[in-house]
Amino acid sequence: MTSAPRGRCRPCSSSAPTGMMTTGSFFAIAANSSEVISSRRTRRNPREGHKWFASARSLVNLKQGLHPPPKPFPLHGPPTAVRVAALFSGGKDSTYAAYVAMQRGWDVTQLLSIIPEDRDSMLFHTPNLQLTPLQAETMRIPLIRETAAIGEDGELDALRRIFRRVDVDGVIVGAIASDYQHTRVNRIADEVGLRVFAPLWRRDPTQLVYDYLQAGFDIAFSSVSAEGLDASWLGRRWDDHVIQDLLHLQKTRGVHPCGEGGEFETLVLDAPPFEQSIEVVRATPDWRGTAGVWRVDEARLAPKPNRGS
């Protein structure tokens, strides 16, 4: 989810067997206005609660545009069953936000994915959304998807529809610093009576980039659109060298280390909630002038690598 346009390519149509995704299966599903994809899932037993789980209105002053950070997430407290759905794009921020909720013992009952028709959406992440069913499968969490028409009204309506389809205590979002995104998501959640939890909101991005790696996330760049980020970044996997490069670009070019200004998008290929990792079988880098997309044409689930070897 970002706030700057970037170049993208629509994949061609094909088909794939269970456990494998190609770009064709994405458009077969996205052709409908909505789609529910069930995944086998081991139900988690919530252990800890969050007494500061504030209403959407308390997080955002819509009239004044103020966005105070959420109150601290307690590490201890009485057991409280909290059922949440996670707004999910398959990128690092939404995946990590869902992971934080799981770590607190919350029951993440569904993943919610918006598929924008506008490839330059300012509200929603767009690259490689065809892989969210594969990610949901390895997380064993049902996935609900809605297609969003072009324009802000169409995108907010899709958000409203998908929020109304879940029976939960609240929604998890991966927003870090985008006021544009944060304000609108909170407004729609408030309309439908849902609470919002944004565990990454206003977190120090220079620390977050390290948190992703320390948590065991395997992340690839799926699109780039900023000075200092050229075609060599497409498909590049995150490591300590990537973080150092991002922090250098923050100082020299003003690039946000987490890509909150639309500088880049990411794809999570492995994470602690994944029972299997995502193996990219075939991908196409598509560079156009000053921006590009790493389009995954085919991917499948694979056993997790032994990172200790």
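For the stretch 186-215, the residues whose backbone nitrogen is under 13 Å from a point 7 Å from the Cα of V242, taken along Cα to Cβ, are 209-215. Among the trypsin sites (Lys or Arg not before Pro) in the stretch 219-309, those located in a DSSP loop and surrounded by at most 14 other Cβ atoms within 10 Å of their own Cβ are R307. Let's test the formula: R0 of 22 Å, r as the Cβ-Cβ distance of E191 and R83. What FRET efficiency results, to the nearest 0.05? After rounding, the FRET efficiency stands at 0.65. Taking the three principal axes of the alpha carbon atoms in the stretch 76-136, the coordinate ranges are 44, 23, 16 Å, sorted in descending order.
Can you pull out the GluC sites (Glu not before Pro) in the stretch 185-290 that DSSP calls coil and that have at most 15 other Cβ atoms within 10 Å? Mind showing how you got there, number by number?
Working: sites: E191, E227, E260, E263, E265, E275, E279; in loops: E227, E260, E263, E275.
For GluC sites (Glu not before Pro) across the stretch 185-290 that sit outside H, G, I, E and B with at most 15 neighbouring Cβ atoms in 10 Å, the list reads E227, E275.
Distance between the 7 Å Cα→Cβ label points at A215 and I150: 3.5 nm. A simple spin-label model places the labels of N306 and A231 3.9 nm from each other, with each point 7 Å out along Cα-to-Cβ.
No value in this document is a laboratory result; all are computed from the given coordinates. As the structure is a prediction and not an experimental result, all values here were calculated from the model. Positions of Cβ are generated from backbone atoms using ideal geometry, with glycine treated the same way; all protein chains shown enter the neighbour counts.
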